[in-house]
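One structure is given below, encoded as structure tokens.
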Amino acid sequence: MFNTLLIANRGEIACRVAATARRMGLRTVAVYSDADARARHVAACDTAVHIGGSEPRASYLRADAILEAARQTGAQAIHPGYGFLSENEDFAEACAAAGIVFVGPPNSAIAAMGSKSAAKTLMEKAGVPLVPGYHGDNQEPAFLQEQADDIGYPVLIKASAGGGGKGMRIVESTGQFAEALASCKREAASSFGDDKVLIERYLQKPRHIEIQVFADTHGNCVYLFERDCSVQRRHQKVVEEAPAPGMTEERRSAMGEAAVAAARAVSYVGAGTVEFIVEPDGRFYFMEMNTRLQVEHPVTEMITGHDLVEWQLRVAAGQPLPVSQQDLTITGHAIEARIYAENPDNGFLPSIGTLGTLRFPPHVEFTDGDIRVDGGVKAGDTITPFYDPMIAKLIVRGSDRDQALARMGRVLGEIRCVGVQTNIAFLKRLIEDQAFAQADLDTGLIERRHDALFPPAAPASEDVLALAVAALLARQGMASSDTPRAQAPADPWSVPDGWRVSGDYAQAFGLIEDSTHHEITIEHVGQRWTLMVNNQALAFDWTVTGAADNDMKVRVRLDGHDAMATVIIADGRAHVFAAGGIKTLQIHDAVAHADDESSAHDGGLTAPMPGKIISLTVKAGDKVSRGDALLVMEAMKMEHTITAPADGTVEEVFFDVGDQVTDGAELISISQ
Ligand code: MV4
């Protein structure tokens, strides 16, 4: 075994690889960009080398800088993780040329799977089932049309060099074929520099089931069963699980053996994944092979009890696989959910910012416990626009699928993440959705269940408002409704909005969500507290423990029933984690806004993230109405339209088209 491993990646996968390498007694070397100087993966390794700027092409995609870092630190092996250089055959070759072990397959195997049509030809020879179709060299439009007519409609035209859903066209009838072919070829030529296409029968309601394979340099190759990754959104996996619901033993060994045949056909070595597309009746067809360790590998580790990174390192060092096929078994059911800093209600736009709070339920990382969190960021870190905005992967196991789902739902509800928007509530709805719970899985599930998965936002309940008010009271030193009056502010005028009316104490609170401004008043009369909200006066008691702003345990009794929450107060907002959900309420500060009538609808005129101004639709002096588009920003490859928060007149536009703006920069001023 080599003794020093360089990890040519960042984030959760770099941390995960480092954990196994350390456990095996290897010295670990991290590489990092400007943006990652304080990143968790740097702290997770013994040594770290700065390799360049924050943009991937200035650091994590620089083969030369990474090889130089390996030379400097005496690393004998490089683990590429996933993404970045992990499936780059030139990098694999450059490692070999530098005498460094690339922890991955031989570059010939990466190359063989790189072209869809060439891979299909190889797979056909190896007896791996393929979707009926044409993947040959003849690209004459008339010939391809004949092939499509023979296959029968609908057909799918796929760019041979494509992947991840890019460069595909569904054709419903022969009359549409010629135009779809021309447009697919144009896209393939401009996106991949290669206009070769293949034609397949289009499967209407497919599942995505993939097989984990592992091969060593001694001629052994095994499969570690399947993962069902059918639940996707725009070709991004959202949850993955193993085993696949409904899989029979017979089908499992047929798919496993087909996957091993696929790997053997390209003389595969190391960890690989063979993706299949599966029809409702269980027939399966080869789609592509991923020649790396995948994001979702932990579900396989959870059900098999094997550490796949350890296997990768052993195989890379020339050792044989530790077990043979008949030693491998499945125990229980595992599910992974990918937790992202993104906004599901706004097209899953990445949410950039600092994670003020990030806490998961108690767990042990990288062990075979039933709850596992593979994370790459910690509280205080910033989600930047440079990289994938993944916060962590949550993987849980149960003795069966129902138990795993219940555990996943519970743990998702216990995560405390504040500072960026996340998909956690969306994941919880998905895991608890009836179609998902019944394993009615296919690649269209999220669209099909759209209404259940994207419910309109409900206004904060009275319980939630009371919980937030109790947290605010605790911050003033009133930890419970029994707080001796002596400890309550002696002079209510010292507290914003405190006053005396008929009772001995009263205070008003303003809590704002979206456009709703909740006015809440509490009053102490005799020995009783009353909370006035939505024109009702409700009997109110509260206790708050753990008074730190970032972890208040709040219990209220409102009108005779109890409610509990964790409340985190940060950045002028109360984040109420109750009943497995989260509500965020902006705290209206009566003093700060004393002479600012318009503050209730401010916001929207600052850049939501760093990016570039790509168009401006207004200039100084223009009259605008609430909701009018003012400008368009491009950030993280997506367009974001900034709209007027209220009617008014544009006073000043602070940037021009083409300008780069920082997060939070004021873009336009509007007078009312
Ligand atoms: C298909 C298909 C239906 N029929 N091929 C999408 C990405 C690429 N890897 C293959 N993909 C598909 N190929 C035939 N003949 C449907 C898809 C597909 C899909 C596949 C797996 C997971 C999610 C998907 C979402 C949309 C379409």
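One residue alone among Asp137, Asp194 is modelled with pLDDT under 95, touching a Ser or Thr at 6+ places or on another chain (Cβ under 7 Å), farther than 17 Å from Val274 by Cα and more than 14 Å from the ligand (Cβ to nearest atom), and that residue is Asp194. Consider Ala392 carefully, then state whether it is closer than 21 Å to Gln236 by Cα, in a strand (DSSP E or B) and small (Gly, Ala, Ser). It is true that Ala392 is closer than 21 Å to Gln236 by Cα, in a strand (DSSP E or B) and small (Gly, Ala, Ser).
Of the residues making up the stretch 42-66, those that are surrounded by 16 or more Cβ atoms within 10 Å (Cβ to Cβ) and closer than 19 Å to Phe91 by Cβ are Val49, Ile51, Gly52, Pro56, Ser59, Tyr60, Leu61, Arg62, Ala63, Ala65, Ile66. Before we move on, is Ile335 surrounded by 21 or more Cβ atoms within 10 Å (Cβ to Cβ), in contact with a Cys (Cβ under 9 Å, 6 or more places away or on another chain) and not in a loop (DSSP other than H, G, I, E, B)? For Ile335, the condition - surrounded by 21 or more Cβ atoms within 10 Å (Cβ to Cβ), in contact with a Cys (Cβ under 9 Å, 6 or more places away or on another chain) and not in a loop (DSSP other than H, G, I, E, B) - is not met. Inclusion of Gln434 among residues that are at pLDDT 95 or above, assigned by TED's automatic domain parsing to the domain that holds His297 and more than 25 Å from Lys583 (Cα to Cα) is not warranted.
Going through Ala316, Ala262 one at a time, which residue ends up being within 16 Å of the ligand (Cβ to nearest atom), over 23 Å from the mean Cα position of the chain (by Cα), touching a residue at least 24 places away in the same chain (Cβ under 8 Å) and buried (at least 21 other Cβ atoms within 10 Å of the Cβ)? Step through it out loud before you land on a result.
On the way: Ala316 fails: within 16 Å of the ligand (Cβ to nearest atom).
Going through Ala316, Ala262 in turn, just one is within 16 Å of the ligand (Cβ to nearest atom), over 23 Å from the mean Cα position of the chain (by Cα), touching a residue at least 24 places away in the same chain (Cβ under 8 Å) and buried (at least 21 other Cβ atoms within 10 Å of the Cβ): Ala262.
Among the listed residues Glu200, Glu210, Glu226, which satisfies the condition of being within 27 Å of the chain's Cα centre (by Cα), within 16 Å of the ligand (Cβ to nearest atom) and within 17 Å of Lys116 (Cα to Cα)?
Glu210
The lone criterion from (1) surrounded by fewer than 18 Cβ atoms within 10 Å (Cβ to Cβ); (2) among the acidic types (Asp, Glu); (3) at pLDDT 95 or above left unmet by Glu200 is number (1).
If you scan the stretch 156-166, which residues turn out to be out of contact with any Phe, Trp or Tyr (no Cβ under 7 Å at 6 or more places or on another chain), within 11 Å of the ligand (Cβ to nearest atom) and within 16 Å of Lys196 (Cα to Cα)?
Ile157, Lys158, Gly163, Gly165, Lys166
Scanning the stretch 621-671 for residues that are closer than 24 Å to Thr354 by Cβ and out of contact with any strand residue (DSSP E or B) (no Cβ under 7 Å at 6 or more places or on another chain) yields Lys637, Pro645, Thr662, Asp663.
The condition (being assigned to a strand (DSSP E or B) and polar (S, T, N, Q)) is satisfied by just one residue among Thr300, Thr273: Thr273.
If I filter the stretch 38-45 for residues that are touching a helix residue (DSSP H, G or I) at 6+ places or on another chain (Cβ under 6 Å) and outside any helix (DSSP H, G or I), do I get at least one hit? Yes: the stretch 38-45 contains one or more residues that are touching a helix residue (DSSP H, G or I) at 6+ places or on another chain (Cβ under 6 Å) and outside any helix (DSSP H, G or I). Would you confirm whether or not the stretch 448-469 contains a residue that is of a type in the set (S, T, N, Q) and more than 24 Å from Glu296 (Cα to Cα)? Checking the stretch 448-469: at least one residue is of a type in the set (S, T, N, Q) and more than 24 Å from Glu296 (Cα to Cα).
In this structure, Gln487 does satisfy being assigned to a loop (DSSP other than H, G, I, E, B) and either at pLDDT below 70 or surrounded by 13 or more Cβ atoms within 10 Å (Cβ to Cβ) (or both). The single residue among Glu634, Glu651, Glu639 that is at pLDDT 85 or above and either under 25 Å from the mean Cα position of the chain (by Cα) or in a strand (DSSP E or B) (or both) turns out to be Glu651.
The values are calculated or read from the model by the stated rules, or taken from the named source; none is laboratory data. All values reported here derive from a predicted model rather than from experimental measurement. Ideal geometry is used to build each Cβ from the backbone, glycine not excepted, and the neighbour counts take in all protein chains shown.
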